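Everything on this sheet refers to the single structure shown next.
The values are calculated or read from the model by the stated rules, or taken from the named source; none is laboratory data. Just so it is clear, the model here is predicted, and its values are computed rather than measured. No Cβ is skipped: glycine too gets one built from the backbone with ideal geometry, and neighbour counts run over all protein chains shown.
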Amino acid sequence: MDNKILEEGGWTIAPDGHSANKTYHFPSFSAAIAWMASLVDQIDALNHHPEWQNVYNRVEVCLTTHDAGTLTELDIQLANVLDQSFDLMQG
């Protein structure tokens, strides 16, 4: 799989190529949590869930396909969902 699509979207690919990471910044804790909650249905529809954590006004995301042990097309799809949602929220 070509990881350039993820890199062009601002994702950092792990040195082993098995995961991609990105941190999203928000104006407040409540905005960060609201963004995460707004994605539940889309993420469930993909049946591909991120490893993510919220620390105050940021959400740190790690993508990988555990069954494959590396990045797959599902990770690109999920990255697109996250990035598009974030861009819409920013206006």
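A few points about this structure:
- Cβ separations smaller than 8 Å between residues 6+ apart or across chains give the following pairs from region 4-22 residues that are closer than 13 Å to G69 by Cα and surrounded by 14 or more Cβ atoms within 10 Å (Cβ to Cβ) to residues that are acidic (D, E) and modelled with pLDDT of 95 or more: A20/D75.
- Filtered by the rule that a residue be under 17 Å from Q84 (Cα atoms) and free of Cβ contacts under 8 Å to residues at least 40 places away in the same chain, region 35-51 gives M36, A37, V40, D41, I43, D44, A45, L46, H48, H49, P50.
- Among residues of region 51-67 being touching a helix residue (DSSP H, G or I) at 6+ places or on another chain (Cβ under 6 Å) and not hydroxyl-bearing (S, T, Y), the one that is farthest from Y24 (Cα to Cα) is L63.
- Looking only at residues in region 23-33 that are out of contact with any helix residue (DSSP H, G or I) (no Cβ under 8 Å at 6 or more places or on another chain) and outside any loop (DSSP other than H, G, I, E, B), the one that is surrounded by the fewest Cβ atoms within 10 Å (Cβ to Cβ) is S30.
- Qualifying residue in region 10-20 (condition: touching a helix residue (DSSP H, G or I) at 6+ places or on another chain (Cβ under 8 Å) and either at pLDDT below 95 or part of a helix (DSSP H, G or I) (or both)): no
- Considering region 63-91, and only residues there that are surrounded by fewer than 16 Cβ atoms within 10 Å (Cβ to Cβ) and under 22 Å from I33 (Cα atoms), the residue that is nearest to the chain's Cα centre (by Cα) turns out to be N80.
- Test result for T70, free of Cβ contacts under 8 Å to residues at least 12 places away in the same chain and either among the hydroxyl-bearing types (S, T, Y) or touching a helix residue (DSSP H, G or I) at 6+ places or on another chain (Cβ under 7 Å) (or both): no
- Complete set of residues in region 10-34 that are under 13 Å from S85 (Cα atoms) and out of contact with any strand residue (DSSP E or B) (no Cβ under 8 Å at 6 or more places or on another chain): A31, A34
- Residue within region 45-68 that is in a helix (DSSP H, G or I) and at negative phi present: yes
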